[in-house]
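**Q** Below: one structure in structure tokens.
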Amino acid sequence: MAAKSFKPVKTGVIGLGRFGRLHAFTLAGLAEAELAAVVARRQESLDALRKELPDVPGWTNLTQAIEESDAEAWVVACTTESHVAVTRELLEHGKVVLLEKPISETLEEAESLTPLVRPDSSNLMLGHILLFNSEFQELREVARKRGPISYIDCVRHRPASIVQDFPGENPLQAAMVHDLYSTQVLLDCAEPDHFSAQFHRTENGDIDLAVAQLQWNGGPVASFAASYLTPAGMPPRGFDRTEVFGEGWSARIEPNPRPISVWDDVAAWPLALEVRANPPSGMMAEELRCFCRVVRNTEAVPTGATYSDAMQVQRWMEKLNAFA
């Protein structure tokens with residue numbers, strides 16, 4: 001049977017930090033996409049990318065990029081504080097958006113997008129990259145087959161240097177959010193009825209550890225720890241671990257760092273996450289392939305990546321912040 005034709009989706013990327021660059025290089029290598037535009041705050045960022053992707057047009061002005069480029073879909077990978085304003089402008093111009101999470105730093109601002117998002121969220125997909133991680137996909141299938149979940153335990157620790165490098169960044173919003181999304185999917189978007197949370201602070205008052213607990217109607221319990229505590233000798237992106245327990249079964253995944261280590265005068269973990277851009281493979285490539293299918297209306301936005309899913313987790317974070 002002949003394969004269905006799939007016209008590559010002309011896609012732009014906004015934000016050229018670490019993740020934005022990964023999105024750009026991954027899109028440039030996908031058969032399902034054509035990297036049609038990049039937008040950055042600084043001309044220097046565009047110049048640096050042009051050395052590796054010389055044929056991709058770039059802008060420092062978003063409105064101009066929307067009007068002058070032929071990008072039909074956009075990946076928003078700029079700073080969280082800019083997410084809503086950028087996404088609003090794109091949606092108002094009829095574009096389809098993949099927005100890196102969280103939506104916003106505040107629930108009220110995130111809710112302001114509601115009038116622009118279609119009921120099925122087909123014009124706004126959230127960047128839940130872990131949804132496409134191979135270990136998590138297998139864990140999700142194991143949990144589905146084995147039966148009800150009793151307990152979920154998630155830890156996500158990052159380098160202590162983040163406290164100085166990114167002052168004011170809360171590990172709850174920057175790290176724990178990934179595990180909140182994953183737990184949401186494992187428990188079929190059920191709403192918890194118990195929230196508790198605690199923060200640990202440095203001598204300067206910066207938050208370097210967030211701990212939280214959720215419970216669902218007297219049933220499943222989930223605990224979360226996210227920190228900026230790992231020392232320099234550990235993997236450069238710390239480590240992640242998720243454990244799930246049910247009646248008569250348990251499962252564990254440790255997706256970060258990936259199981260390749262290199263040693264010379266120091267230890268190194270060259271593939272912290274399941275992300276490779278050249279050639280594209282791993283969870284980012286699969287997320288962007290899914291986004292292209294969403295744009296072409298051949299697939300619905302998956303559970304855990306819709307606007308309503310994102311708003312549910314945004315409300316969870318708001319409550320956990322209040323408790324902490």
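**Q** More than 21 Å from residue 316 (Cα to Cα) and either out of contact with any Phe, Trp or Tyr (no Cβ under 7 Å at 6 or more places or on another chain) or buried (at least 17 other Cβ atoms within 10 Å of the Cβ) (or both): does that describe residue 208?
**A** no
**Q** Taking region 207-222 on its own, how many of its residues are at pLDDT 95 or above and in a loop (DSSP other than H, G, I, E, B)?
**A** Here the count works out to 2.
**Q** Give, as residue ranges, the strands (runs of 3 or more DSSP E) completely inside region 240-324 that count at least 2 residues that are open to solvent by 60 Å² or more (accessible area, probe 1.4 Å).
**A** In region 240-324, the matching strands (runs of 3 or more DSSP E) lie at 249-256.
**Q** Confirm whether residue 262 is touching a helix residue (DSSP H, G or I) at 6+ places or on another chain (Cβ under 8 Å), in the same structural domain as residue 152 (by the TED database) and of a type in the set (Val, Ile, Thr).
**A** The answer is no for residue 262.
**Q** Let me ask something additional. Quick check, is residue 232 surrounded by fewer than 20 Cβ atoms within 10 Å (Cβ to Cβ), in contact with a strand residue (DSSP E or B) (Cβ under 6 Å, 6 or more places away or on another chain) and at pLDDT below 95?
**A** In short, no.
**Q** Go through region 101-118 and give me each residue that's modelled with pLDDT under 95 and in contact with a strand residue (DSSP E or B) (Cβ under 8 Å, 6 or more places away or on another chain).
**A** Selection gives 101, 103.
**Q** Among the candidates 80, 26, which residue alone is under 22 Å from residue 275 (Cα atoms) and modelled with pLDDT of 95 or more?
**A** 26
**Q** So residue 225 passes all but one of these: (1) open to solvent by 10 Å² or more (accessible area, probe 1.4 Å); (2) modelled with pLDDT of 95 or more; (3) under 22 Å from residue 146 (Cα atoms); (4) not basic (Lys, Arg). Which condition number does it fail?
**A** Against the list (1) open to solvent by 10 Å² or more (accessible area, probe 1.4 Å); (2) modelled with pLDDT of 95 or more; (3) under 22 Å from residue 146 (Cα atoms); (4) not basic (Lys, Arg), residue 225 comes up short only on (3).
**Q** When region 115-151 is examined, which residues are found to be over 22 Å from residue 103 (Cα atoms), among the aliphatic types (A, V, I, L, M) and either outside the structural domain of residue 211 (by the TED database) or within 20 Å of the chain's Cα centre (by Cα) (or both)?
**A** Within region 115-151, 139 is the sole residue that qualifies.
The values are calculated or read from the model by the stated rules, or taken from the named source; none is laboratory data. As the structure is a computational prediction, the values presented were derived from the model and not from experiment. Ideal geometry is used to build each Cβ from the backbone, glycine not excepted, and the neighbour counts take in all protein chains shown. For accessibility, only protein heavy atoms count, side chains too; no ligands or nucleic acids. Shrake-Rupley method; radii C 1.70, N 1.55, O 1.52, S 1.80 Å.
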